[in-house]
Amino acid sequence: MRRRTLMTLGAAGLVSALPGCADGDEGKVPEAPKGPIVLGFSQVGSESGWRLANTKSIQSAARNNRIDLKFSNAEGDQAKQIAAIQSYIDARVNVISFAPVVESGWDDVLRRARDAGIPVVLTDRMINTKDESLYVSSIGAEFLSEGNLAALYLGLDFAAAAGPVNVVELLGTPDSTPTKQRSDGFAATIAREGKLRVVDAETGNWTQAGGATAMRKLLRRQKKIDAVFAQNDEMGLGAVAVLKEQGLKPGTQPRIVTVDATRAGLKALADGDLNYVVECSPEIGSQLMSVVVDLYLGGSVPKRIESQKNVFNRDTAKDALPTRTY
Ligand code: AHR
């Protein structure tokens, strides 16, 4: 049996969550699996270019790290995600990871994973729980800061505007971390700046069709829209199509900022249909596989790992496009 000391493992709650760690086993890492490490991963769905790139990143990083990935797609349905996690518990995988479709409602299934001694790593989004020992690590973006940046850059463009600037928001799925935190970050920054105000918002559920429908509703409700904050590229692109249909000139009136920085988003920015795109990198597969391997080999596992971000304007979008991988 292979044992190492646990001194370097930094994640809170890890000792009780590690596989094979029964009472009295504290201070030991689990027995390494004989074959490849088995990782059960439950993905949110395939709602956006970001999500497809995230799936690709996870699958290729698993292959490169010789991790046996059991992958399932919840198609935006929390019940399916809970069922997938339960199936990984029943199959006694070595590590479970998932990108939670919503924040609430995870405690029961994660308690069962903990009781079975299977460590859980959150990716992309967070969960709402009082018990942080239900997961050993989380890997993802600073969504709050993405909202801050979107408001900051949009605000700069209106520095010379005389009156209030009316902004409408295209929101992602309700109760998901990026929806809540991007909104909160945007609101916090415009409150400091004072000129921009969010006059209305609609959910577009992260999709282009959803963004188009939401934009149509907002145009019917609001007479004066100076700017649009679309919480992802897809919804922004849906809004661009509707605005053009209505004879408006997106990128000029109204101005538009989106989040993600997929190829499609950067292309629309370079073409002048958007004003800024805040990057949220989906390429977190290798960070996840490092955590999975470290859980078994006694490396240090931080409770929180952040992904890359950046803000693109039209010029930097043109520069980035030729090498953009997603
Ligand atoms: O959780 C990340 C978000 O989910 C992305 O910004 C969005 O495109 C995706 O669907």
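Quickly run through segment 34-80 and pick out the residues that are more than 15 Å from the chain's Cα centre (by Cα) and in a helix (DSSP H, G or I).
Hits for segment 34-80 are GLN59, SER60, ALA61, ALA62, ARG63, ASN64, GLN78, ALA79, LYS80.
Every residue in segment 142-188 that is of a type in the set (Val, Ile, Thr) and touching a Pro at 6+ places or on another chain (Cβ under 6 Å), please.
None; the set is empty.
Might you let me know whether segment 130-137 holds any residue that is within 21 Å of ARG304 (Cβ to Cβ) and in contact with a Ser or Thr (Cβ under 7 Å, 6 or more places away or on another chain)?
yes
Report every pair of residues separated by at least 6 positions or lying on different chains whose Cβ atoms are under 6 Å apart, first residue within segment 303-320 and open to solvent by less than 60 Å² (accessible area, probe 1.4 Å), second of a type in the set (Gly, Ala, Ser) and assigned to a helix (DSSP H, G or I).
Note: pairs meeting the criteria are ALA317/ALA270.
Go through LEU149, LEU69 for me and flag whichever is at pLDDT 95 or above, in contact with a strand residue (DSSP E or B) (Cβ under 8 Å, 6 or more places away or on another chain), assigned by TED's automatic domain parsing to the domain that holds ARG197 and open to solvent by 20 Å² or more (accessible area, probe 1.4 Å).
The conditions single out LEU149.
What are the pairs, 6+ residues apart or on separate chains, where a residue within segment 154-183 that is open to solvent by 50 Å² or more (accessible area, probe 1.4 Å) has its Cβ under 6 Å from a residue that is assigned to a helix (DSSP H, G or I)?
GLN181/PHE143; GLN181/LEU144
Quick one: count up the residues across segment 204-226 that are within 14 Å of VAL167 (Cα to Cα) and assigned to a loop (DSSP other than H, G, I, E, B).
Here the count works out to 5.
The values are calculated or read from the model by the stated rules, or taken from the named source; none is laboratory data. Here the structure is a predicted model, which means the values were calculated and not measured. Heads up, the Cβs are rebuilt from the backbone with ideal geometry, glycines too, and the neighbour counts pull from every protein chain shown. These accessible areas exclude ligands, DNA and RNA; they are computed on the full protein's heavy atoms, side chains included. Shrake-Rupley method; radii C 1.70, N 1.55, O 1.52, S 1.80 Å.
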